[in-house]
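For reference, the structure is listed below as structure tokens.
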Amino acid sequence: MMIKKVAVIGAGTMGAGIAGQVANAGVEVWLLDLPTEGDNTNALAQRGLERLKSSGQPGLMSKEVESLIHIGNTRDDFDQLADCDWIAEAVVERLDIKKDLYRRIDAVCHDQAIISSNTSTIPISLLVEDMPKSFRQRFAITHFFNPVRFMHLLELVRGADTDPAVIKTLASFCEQQLGKGVVPCLDTPGFLGNRVGVFAIQCALHAAFDLGLNPSEADALFGRPMGIPKTGVFGLYDLIGIDLMSDVVQSLVNILPENDAFHQEAEKIPLMMRMIENGQTGNKQGKGFYRQGENGREVLNLENESYSSAPRLNLPLAQKAEQEGIKALLADDSVYGQFAWRVLSRTLSYAASLIPEVGNDGLGIDDAMKLGYNWVKGPFELLDEIGVSTFIERLKADGMPVPRFLEEAAGSSFYRVENGELQTRQLGDSWQTIPRAENIIRFTEMRQTMTPRNSCASASWYDLDGIALVEFHCKANALDGDAMAILDDAISQVEKDGMRGLIVHNDAQHFSCGVNLQGVRGFIQANDMDGLDRFLNHFQKTMHSMAIAKYPVVVAPVGMSLGGGFEVVLHAKEVICHANSVMGLVESVVGVVPGGGGCKETLYRWVEKLECGEDISEACWKAFMNLGMGKTASSPVLAKDQAMLRDNDHFMMNRDSLLAEAIDAINNPVNQLAFNRPPLTLPGKPLFDKMVKWLQESHEKGLFMAHDVIVGTEMARIVTGGDVEPGTVWSEQDFFDAERSSFLTLASTASTRKRIETMLDDGSPIRN
């Protein structure tokens, strides 16, 4: 059955988010909630729709998709459900309310309609126990994660009577059209993601209190060193809300069996109870474990409950673990190593203990943690990295039990490559090739079956049966000279070997957050402007080589492509990006200009988009504003509006479909768009002077800081030609040269150096 019309009942955070993602997929959706008194009976649904339009975290990809969302209420608009193909319930977690709603739905929906609940706390068996079999056969749980647009995971749960065809339809629609990573789950308490994820968070929380670590120390370890988002445990509590997170923990306490190990990590902490009573519930109240003080970020002292300065903490052990892997944490015998072992030993053992209750292998748990909690590796992948036997021996030395599934893997692993395929261990010492849909390819899995043609700490490139794939894989995928050398090598080797084309792609959370600022600071501190110029020149030449290559070139980014990372995107003949891709040139924030062709390419894009002809003044203004303001686009639709993507570029709803689509684009290069960058006739000094005057006037109005004017002046100089006479003609190389000149000029100023230092040392650049 095709899903052509959807209804979502319950316009709270989750319900509105589901409706928004359905609209993003181009499908008509009704968003219903209870009627309200007064003139606007649809006030609750309207409030949900407005929440989707939040500028901070927009649930809609563009204004246009809003037209697909119809709001209403469950009294006046319930008849709209009659021709809906999928009805998703997202109301309050009360069994009686849900049951009453299901009876009403059953009375009005057509006999093929699929009904699902977003619950994570009530078993299907209870939800539909009073419903006829025809209803139970069409019922499932579709557990989305918040925020729905951005969180990849969808836990799909079938009941005892659910028709397999219904699960197949939901899985296909949610994976292909909504872009979700669908993980099948049994109807067990907490399913997979929250069952393990919240357990890990609670382990880290209690370990920090018990071992006397302050929030900054715990978050520095329970983050990137463990392959977990840098938010950490205390930062995550603040982000979610200490009160809300406490409710999540309590809900799991209520539904998990008495003998479940989760209860050992769920004990209430008196300090946190006082914080909730005092309104210190996290970011939403402006204070929690952290707060923003007059002189910057402050952290709560867990002993005397006072706040003090919290500068960015760079623990040597954390840095070592990021470079060498998680074994570095476990080999440390300090309190930090004790913290890491306590969290990992309990969390990984707990995950293993859930087999076979939640399934016959660890794949679902690993997928859930990577897709729903943004872990780099799942628990069983971490066990393979640590060494299963090593882990078991240490558990036994500490007197901890060894779960059966873990014991079975002793001397072996949970994943292996067999006959060129990645397999996962099943309970009972059998193996299964990892099942993925035909167009779902995760390069993190594919590369385990391959050997790179060339590799370094920053990047690698592989031969995919005659297609070169370049992967950036350093911290935040920040680009340095080594990364450019790998890309340059792949570009040249494709032509030498007669390969079919080039793909630049990775499976990381973000494609690339820019050029490696540490490297730039190194050049500055060594006063090596010539070295910095050589780096920029090589970056530019690599970008130019990619743009003019005689073979197909596809860049397939996910997450953020910023600064230098976006300059890579800008020089692709075809971009196939994820629907949630964020793009932009943000160099002005740290006091420099894009130096890898970004200024040049932004100007040419606007010249093309506006069809300027000889007078390119309007395009110069557009480019100047994009660059100077450091504008970003939060979706590919908005990126096209800002000339960041070209007409042939397109997006996929599911990030796991990008690589398959990119391979197809190389094999069938019908959307490749060549780069035509002819010389441009510049407006020169008159327009340059106008831009500088505008910057100065804006500074006088308090809109810009003093150094913003200096940075903006260099942006203006590049896109207009600066002091040159009107009618002066510049080639593409002239723009490249102007970028490098302005970059070096700004890098020599004390104000830019201060911005770079504070960005690297404090996490955000100073305004100066």
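The values are calculated or read from the model by the stated rules, or taken from the named source; none is laboratory data. Owing to the predicted nature of the structure, the values given are computational and were not obtained by experimental measurement. Reconstructed Cβ throughout: ideal geometry from the backbone, glycine too, with neighbour counts over all protein chains shown.
Looking at Leu371, Leu348, can you tell me which residue is hydrophobic (A, V, I, L, M, F, W, C), in a helix (DSSP H, G or I) and closer than 19 Å to Glu265 by Cβ? On inspection, the qualifying residue turns out to be Leu348. The set of residues in region 206-240 that are more than 21 Å from Val376 (Cβ to Cβ), among the hydrophobic types (A, V, I, L, M, F, W, C) and crowded, with 22+ Cβ neighbours inside 10 Å comprises Ala208, Leu213. Scanning region 122-156 for residues that are assigned to a loop (DSSP other than H, G, I, E, B) and within 28 Å of Gln57 (Cβ to Cβ) yields a count of 9.
Yes/no per residue for (1) surrounded by 24 or more Cβ atoms within 10 Å (Cβ to Cβ); (2) within 30 Å of Ala706 (Cβ to Cβ):
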site: Val555; (1), (2): yes, no
site: Val558; (1), (2): no, no
site: Met583; (1), (2): yes, yes
site: Trp606; (1), (2): no, yes
site: Ala639; (1), (2): yes, no
site: Met652; (1), (2): no, no
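In this structure, does Met625 turn out to be part of a helix (DSSP H, G or I) and of a type in the set (A, V, I, L, M)? So Met625 fits the description; yes. For Ala107, the conditions (1) part of a loop (DSSP other than H, G, I, E, B); (2) without any contact (Cβ under 8 Å) to a residue 24 or more places away in the chain; (3) small (Gly, Ala, Ser) all hold with the exception of (1). Six or more apart or on different chains, Cβ atoms under 6 Å: show the pairs whose first residue is in region 337-350 and under 19 Å from Glu217 (Cβ atoms) and at pLDDT 95 or above and whose second is of a type outside the set (A, V, I, L, M, F, W, C) and not in a helix (DSSP H, G or I). From region 337-350, no pairs qualify.
Can you pull out the residues in region 79-100 that are of a type outside the set (Lys, Arg) and either in contact with a Ser or Thr (Cβ under 8 Å, 6 or more places away or on another chain) or part of a loop (DSSP other than H, G, I, E, B) (or both)?
Cys84, Asp85, Trp86, Ile87, Ala88, Glu89, Ala90, Val91, Val92, Glu93
The set of residues in region 556-580 being under 17 Å from Thr602 (Cβ atoms) and among the small types (Gly, Ala, Ser) consists of Ser561, Gly563, Gly564, Gly565, Ala572.
Against the conditions (1) in contact with an Asp or Glu (Cβ under 9 Å, 6 or more places away or on another chain); (2) surrounded by fewer than 16 Cβ atoms within 10 Å (Cβ to Cβ); (3) at pLDDT below 95, where does Gln57 fall short? Just the number, please. Result: Gln57 fails condition (1) only. Residues in region 224-259 that are over 26 Å from Thr188 (Cα atoms) and in a helix (DSSP H, G or I): Arg224, Pro225, Met226, Phe234, Gly235, Asp238, Leu239. Restricting to region 355-410, what's the tally of residues that are at positive phi and among the small types (Gly, Ala, Ser)? Selection size over region 355-410: 3. Within region 289-332, if we keep just the residues that are over 28 Å from the mean Cα position of the chain (by Cα) and in a strand (DSSP E or B), the residue that is surrounded by the most Cβ atoms within 10 Å (Cβ to Cβ) turns out to be Leu300. Taken together, the residues in region 668-687 that are more than 20 Å from Gly613 (Cβ to Cβ) and not polar (S, T, N, Q) amount to 5. Suppose we keep only residues that are under 28 Å from the mean Cα position of the chain (by Cα) and charged (D, E, K, R) within region 245-288. Which one would you say is farthest from Phe209 (Cα to Cα)? Among those that are under 28 Å from the mean Cα position of the chain (by Cα) and charged (D, E, K, R), it is Lys284. Could you tell me whether region 740-752 includes any residue that is modelled with pLDDT of 95 or more, surrounded by fewer than 21 Cβ atoms within 10 Å (Cβ to Cβ), under 27 Å from Gly522 (Cβ atoms) and touching a His at 6+ places or on another chain (Cβ under 9 Å)? The answer is yes, given that some residue of region 740-752 is modelled with pLDDT of 95 or more, surrounded by fewer than 21 Cβ atoms within 10 Å (Cβ to Cβ), under 27 Å from Gly522 (Cβ atoms) and touching a His at 6+ places or on another chain (Cβ under 9 Å).
Of all residues in region 14-32, those that are of a type in the set (D, E, K, R) have Cβ atoms under 7 Å from Cβ atoms of residues that are part of a helix (DSSP H, G or I), 6 or more apart or on another chain, in Glu28/Leu68.
Is it the case, given these coordinates, that Asp507 is in a helix (DSSP H, G or I) and either buried (at least 18 other Cβ atoms within 10 Å of the Cβ) or modelled with pLDDT of 95 or more (or both)? No; evaluated as a whole, the condition is false for this residue.
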